[in-house]
Amino acid sequence: MLPSKHSALAFFTLLLLACAAGMALALPSDKDAPVEIEADSADIDQKTGTTTYRGKVKIQQGSMLLRADKVVISYKNRKPHKLIASGKPAKFRQRPEINKPWVTGQGERIVYNINSEELILEKDAELTQNEDSFRSDRIVYDRVKAQLKAGVAAKGSERVKVVIHPQNAKSE
């Protein structure tokens, strides 16, 4: 049997796997891929139910990649409840389907509410696929309702800038 600190780390890593699997629309194989975490430090606090990774944090699972200065994962009843990534900026990318372009996002803070499957990008927020993009101080994407809100509609304070390129505008 592993020592308790190693058991706790393995347990929280498995919980992170469940958390990261639903982070955005993803390749079906992403949820079955192993979670790889790199950071300068990891702090597990079973009393408060949080795990904190600091320093050049890189979390990868299948096509999903998250980079941040700090990632805090909160747990309720031993299940992941919320993931908060912060950085200058924190960034993620994920491929929604094979042969589809990457979806990328960034903000100084990325919050993923796991139970509601709501992804919030805050402060200099940007969500991009192909050359199309949404920019504002706050972007909220609700996976369950398939709704995206930005700016005031997402309880932000800045105007929204949307850039959509015609599909046939690509040069050959």
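The values are calculated or read from the model by the stated rules, or taken from the named source; none is laboratory data. Everything numeric here is computed off the predicted structure, so don't read it as measured data. Using ideal geometry, Cβ is built from the backbone for each residue, glycine included, and neighbour counts are taken over all protein chains shown.
Here is a check on your reading of the model: is Asn130 more than 30 Å from Ile44 (Cα to Cα), touching a His at 6+ places or on another chain (Cβ under 8 Å) and not β-branched (Val, Ile, Thr)? Against the criterion (more than 30 Å from Ile44 (Cα to Cα), touching a His at 6+ places or on another chain (Cβ under 8 Å) and not β-branched (Val, Ile, Thr)), Asn130 qualifies. Examine the range 21-33 for a residue that is surrounded by 13 or more Cβ atoms within 10 Å (Cβ to Cβ), touching a helix residue (DSSP H, G or I) at 6+ places or on another chain (Cβ under 6 Å) and at pLDDT below 65, and state whether such a residue exists. Within the range 21-33 (the criterion being surrounded by 13 or more Cβ atoms within 10 Å (Cβ to Cβ), touching a helix residue (DSSP H, G or I) at 6+ places or on another chain (Cβ under 6 Å) and at pLDDT below 65), the answer is yes, since at least one residue qualifies. Taken together, Arg78, Arg54, Arg109, Arg138 contain a single residue that is within 22 Å of Lys31 (Cα to Cα) and not hydrophobic (A, V, I, L, M, F, W, C), which is Arg78. Listed by position, the strands (runs of 3 or more DSSP E) contained in the range 88-151 that have at least 1 residues being without any contact (Cβ under 8 Å) to a residue 24 or more places away in the chain, among the acidic types (Asp, Glu) and surrounded by fewer than 19 Cβ atoms within 10 Å (Cβ to Cβ) are 103-113, 118-129.
Candidates in the range 50-86 are the residues that are at positive phi and in contact (Cβ under 8 Å) with a residue 12 or more places away in the chain; of these, the one that is surrounded by the fewest Cβ atoms within 10 Å (Cβ to Cβ) is Arg78.
Has the range 101-121 got at least one residue that is among the polar types (S, T, N, Q), farther than 29 Å from Thr50 by Cβ and in contact with a strand residue (DSSP E or B) (Cβ under 9 Å, 6 or more places away or on another chain)?
Initially, the range 101-121 is screened for residues among the polar types (S, T, N, Q), giving 104, 106, 113, 115-116.
Restricting the remaining residues to those that are farther than 29 Å from Thr50 by Cβ gives none.
There is no residue in the range 101-121 that is among the polar types (S, T, N, Q), farther than 29 Å from Thr50 by Cβ and in contact with a strand residue (DSSP E or B) (Cβ under 9 Å, 6 or more places away or on another chain).
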